[in-house]
Amino acid sequence: MSAAVATAERERTVTARHVGWGAIALGVVAWYLALPPILVRSFVPSVVLGVVAIGAGAWVLGRGESRLGWGAIAAGVIGAGGAVASTQSGVGHLQDVVTWSALFAAMLRFATPLLFGALGGIVSERSGVVNIGIEGMMLMGCYFGIYGADIGGSWVIGLLVAMIAGGVLALVHAVFSVTLRADQIVGGVAINLLALGVTGYLYVDRYGERGTPDDVARVPDVSLPGVRDIPFVGDAIGKTNLLTWLALVAVAVLGLVLFRTRFGLRLRAIGEHPRAAETVGLSVIRTRYLAVVLSGMLAALGGAYLSIGFLGSFTQNITAGRGYIALAVVICGKWRPSLALVFALLFGFSSAIAQRLPAFSESGAVLFQALPYVLTIVVVAGVIGRSRPPAAVGQPYTRE
């Protein structure tokens with residue numbers, strides 16, 4: 001009898017989850033109906049779908065799936081509310097803001113630095129070292145990327161100089177966190193402040209009021225033969241920066257390394273049970289140093305993308321908190337590269353849409369820029385308690 005009860009309970013749970021995800025999808029569809037290219041100009045169908053999603057969410061809530069139930073209710077409310085607002089907006093404004101191919105291309109651009117930073121954070125934290133200093137390492141990559149490209153006349157030199165700078169700063173973090181066993185959170189914040197001061201001083205000292213040169217070598221875009229002529233796909237990915245493709249490749253490579261190689265197994269073992277790992281002959285200290293330095297180099301690539309891949313210039317504090325969003329991507333992605341890609345794209349999409357929302361209201365442009373940060377807070381709050389970090393992350397290791 002107990003086995004039958006347990007089986008029935010599992011089936012009810014699975015059903016509730018399916019209904020919950022279906023309700024979330026209904027909320028998305030409710031808003032999508034009022035957006036290009038469909039552009040239904042009556043909000044009635046969307047409101048009906050939103051109400052159904054809310055009702056389904058309430059049903060899921062009653063079955064004990066609180067997070068999924070509230071998520072479905074929120075999706076229904078947001079979908080119906082967004083559809084009502086969209087039907088009240090002019091078609092011209094909607095078409096200016098919601099051009100899906102352009103939004104997809106912008107999403108990739110904004111997601112690229114977050115993805116490099118998140119991959120760096122995954123490598124470091126999988127070894128047991130919290131790297132709050134990703135923001136600073138990205139900032140170092142920004143400055144030294146454009147500096148290297150300027151003095152070397154090549155974007156390749158710029159990337160190499162950026163990676164070296166990020167690696168050196170990460171090495172400083174490793175010395176304090178691994179060897180001196182300092183508090184890793186405090187050390188990471190200090191690294192960010194150090195990078196802000198160093199890059200600000202060097203920028204003013206070398207470029208002053210003139211700013212960085214306009215003709216600095218930049219990472220090229222990659223044009224895919226035949227793809228640019230395909231509707232939607234060509235506009236979205238037909239011409240994409242080389243570093244964006246490298247970031248996507250890095251996701252696959254890091255996933256294979258972490259979960260399909262001996263080195264990845266050792267890295268994860270050290271992040272989970274360093275004492276047991278050293279008992280079988282693994283060097284905890286050396287592995288953590290390597291992971292933190294590699295983390296800094298990856299984060300610096302994300303920073304270099306901003307300066308010599310995306311913007312083609314450098315200003316003080318150009319990263320503007322992207323390193324912290326990358327840390328949120330690590331947490332939301334449960335320390336897995338594939339899930340980190342999903343959340344990097346989500347935050348990248350929020351940045352892309354925030355850039356286009358001023359078409360509705362120029363006076364609200366500054367407010368719209370806060371959208372990615374608000375979304376970060378909401379998403380991280382939703383996954384707290386559900387993402388399990390490596391067991392030994394943040395804990396200094398002392399040899400016996």
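The values are calculated or read from the model by the stated rules, or taken from the named source; none is laboratory data. Since the model is a prediction, treat every value here as computed from it, not as a measurement. Virtual Cβ from ideal backbone geometry, glycine too; neighbours counted across all protein chains shown. Calculation scope for accessible area: heavy atoms of the full protein, side chains included, ligands and nucleic acids excluded. Shrake-Rupley method; radii C 1.70, N 1.55, O 1.52, S 1.80 Å.
Assorted remarks:
- Neighbours of W21 by Cβ distance under 13 Å: Lys/Arg scored +1, Asp/Glu scored -1, total +1.
- In this rough spin-label picture, where each label sits 7 Å from Cα along the Cβ direction, the V222-T99 distance is 2.5 nm.
- Here the translational diffusion coefficient of the stretch 116-274 follows from Stokes-Einstein with Rh set to the Kirkwood radius across Cα pairs; for 20 °C and 1.002 mPa s it amounts to 120 µm²/s.
- Projected label points at R63 and L311, each 7 Å from Cα along the beta carbon direction, are separated by 4.8 nanometres.
- For the stretch 218-309, the C-alpha radius of gyration divided by 2.2 N^0.38 Å, with N the number of residues, is 1.51.
- Length available on full extension from L39 to R275: 0.36 nm per residue minus the Cα-Cα distance, which gives 79.0 nm.
- Of all the options S295, S351, S101, the one that moves most in a Gaussian network model of the chain with Cα springs shorter than 10 angstrom is S101.
- Here the sum of -39500 (n - 2.57) over DSSP H runs of 4 or more residues, divided by the residues of the chain, equals -23000 deg cm²/dmol at 222 nm, to the nearest 500.
- Among the listed values (1) 21.5; (2) 20.2; (3) 24.3, the one matching mean projected area of the Cα convex hull in nm² as calculated from this structure is (3).
- Taking the 1.4 Å solvent-accessible surface of the chain as the whole, the part contributed by carbon and sulfur is 67%.
- Contact order normalised by residue count of the chain, Cα under 8 Å, 6+ apart, percent: 24
- With a cut-off of 14 Å between beta carbons, the residues surrounding P337 carry a summed charge of +4, where Lys and Arg count +1 and Asp and Glu -1.
- For the stretch 17-161, the relative contact order comes to 20 percent (Cα pairs under 8 Å, sequence separation of at least 6).
- Accessible surface area normalised per residue over the stretch 1-134 is 44 Å², counting heavy atoms of protein chains with a 1.4 Å rolling probe.
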